[in-house]
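The values are calculated or read from the model by the stated rules, or taken from the named source; none is laboratory data. Worth saying up front: this structure is predicted, and the values here are computed from it rather than measured. A quick note on method: Cβ atoms are made from the backbone with ideal geometry, for glycine too, and the neighbour counts reach across all protein chains shown. Surface accessibility is based on the protein's heavy atoms, side chains included, excluding ligands, DNA and RNA. Shrake-Rupley method; radii C 1.70, N 1.55, O 1.52, S 1.80 Å.
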Amino acid sequence: PASRPLAGRHVLVTAGPTHEPIDPVRYIANRSSGRQGYAIAEALARLGARTTLVTGPVGLPTPLGVRRIDVETADEMAAAVAAALPADAAVMVAAVADWRVAPAMHKIKKGSGAPTLSLIENPDILAAVSHAVPRPRLVVGFAAETEHVIEHAKAKLLRKGCDWIVANDVSQGVMGGPANQVHLVTRDGVETWPRDAKERVAAGLAERIADALGAES
Ligand code: C5P
């Protein structure tokens, strides 16, 4: 029916930050609140999708009708995403930490000078999903940039192998805030959407995903 165009589809969403432990009491994180990703999961579920939300640590309630899988690190998120496939569409909203530390088993003590953290690159979950077999029919990535937003998004689309990039300028307090202003970058072009509440951006994106999935099989 027109009100539940995603009925029978499985959609996978990632959201939130990841936490990368330094030792048993410390971690590296980022400013992602999870609000945009949670709103997208909720909007997709409202359109009838069976929705799996793989989420880093955030203080948000589970959206109605969504299956939620909690993870902490990028490695855990990558494993949870792989286990949740196959999906008809994947929307990777999480702000995955680019690097992790080889964590110390014991709390690092003060006193013998500042420690040096050596960083290891994390798996790129969006790129992995874009190359998964079977691949979701639609793979959507996000790009949080502070400059040259559209150029970077176009390059990211090709580099990651995804279908769409939702790009936003995070220099204006978007992270953690209630509103977002995005550009939808596809292989065909760029649409600039008006600044709006994250819930309304999510509803618009969910409708577009429903159109894209409906148009094919
Ligand atoms: O490379 P960058 O972090 O700018 O790409 C952002 C997009 O890639 C987002 O969709 C994010 O969820 C995804 N990503 C990911 N795994 C990573 C890094 C980013 O899925 N390790």
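Principal axis extents of the C-alpha atoms in the stretch 50-89 (largest first, rounded to whole Å): 25, 24, 11.
So with the 1.4 Å probe, I'd like the accessible area per residue for the stretch 89-149, rounded to whole Å². Kindly include the intermediate steps, with their values, before the conclusion.
Values: 3680 Å² over 61 residues.
That works out to 60 Å² per residue.
Quick check: at a probe of 1.4 Å, how many percent of the accessible area of the stretch 59-217 sits on carbon and sulfur atoms? Numbers along the way, then the final one.
Numbers: 4780 of 8760 Å².
Of all accessible area on the stretch 59-217, carbon and sulfur atoms account for 55 percent.
Counting charges near LYS109 (Lys, Arg +1; Asp, Glu -1) among other residues having Cβ under 13 Å from its Cβ returns a value of +2. Taking a 30 Å limit on the Cα-Cα distance, which of the listed pairs LYS110/LYS156; LYS109/LYS156; LYS154/LYS198 fall beyond it? Flagged as over cut-off: LYS110/LYS156; LYS109/LYS156. With all protein chains kept in place, the per residue accessible area of the stretch 158-217 amounts to 51 square angstrom at a probe of 1.4 angstrom. Take SER118: with every protein chain present and a 1.4 Å probe, its accessible area is about 80 Å².
Amide H contacts of ILE28: GLU20, ILE22, each under 5 Å away and 5 or more positions distant or on a separate chain (H built 1.01 Å from N in the peptide plane; Pro and chain starts excluded).
Among SER171, SER112, SER32, the residue with the largest mean-square fluctuation in a Gaussian network model of the chain, with springs joining Cα atoms closer than 10 Å, is SER112. Debye-formula intensities of the chain, expressed as log10 I(q)/I(0) at q = 0.14 Å⁻¹, are -0.82 (one equal scatterer per alpha-carbon, no solvent). Between LYS110, LYS156, LYS198, the residue with the greatest mean-square fluctuation in the GNM of the chain (Cα pairs under 10 Å linked by springs) is LYS110.
Kindly list the residues of the stretch 119-138 that lie in the label zone of ALA29, defined by a backbone N under 16 Å from the point 7 Å along the Cα-to-C-beta vector. Inside the label zone: nothing.
Can you tell me the convex hull volume per residue for the stretch 1-110, based on C-alpha atoms, in Å³ to the nearest whole number? Mind showing how you got there, number by number?
On the way: hull volume 10.6 nm³, N = 110.
Hull volume over Cα atoms, normalised by residue count, gives 96 Å³.
Using only alpha carbon pairs under 8 Å that are at least six residues apart, calculate the relative contact order of the stretch 143-184 and give it in whole percent. Mind dumping the intermediate values first?
On the way: 49 pairs, mean separation 17.4, N = 42.
Answer for the stretch 143-184 is 41 percent.
Helix by helix through the chain, keep the DSSP H runs that span 18 Å or more along the axis on Cα and average at least 1.0 on Kyte-Doolittle, and give those back in order. Numbers along the way, then the final one.
Details: long enough: 198-215 (25 Å, 0.16).
Helices meeting the span and hydropathy rule in the chain: none at all.
Secondary structure note: in the chain, about 40% of the DSSP beta bridges are antiparallel. Its DSSP H runs of at least 4 residues, each contributing -39,500 (n - 2.57), put the calculated 222 nm mean residue ellipticity of the chain at -8500 deg cm²/dmol, to the nearest 500.
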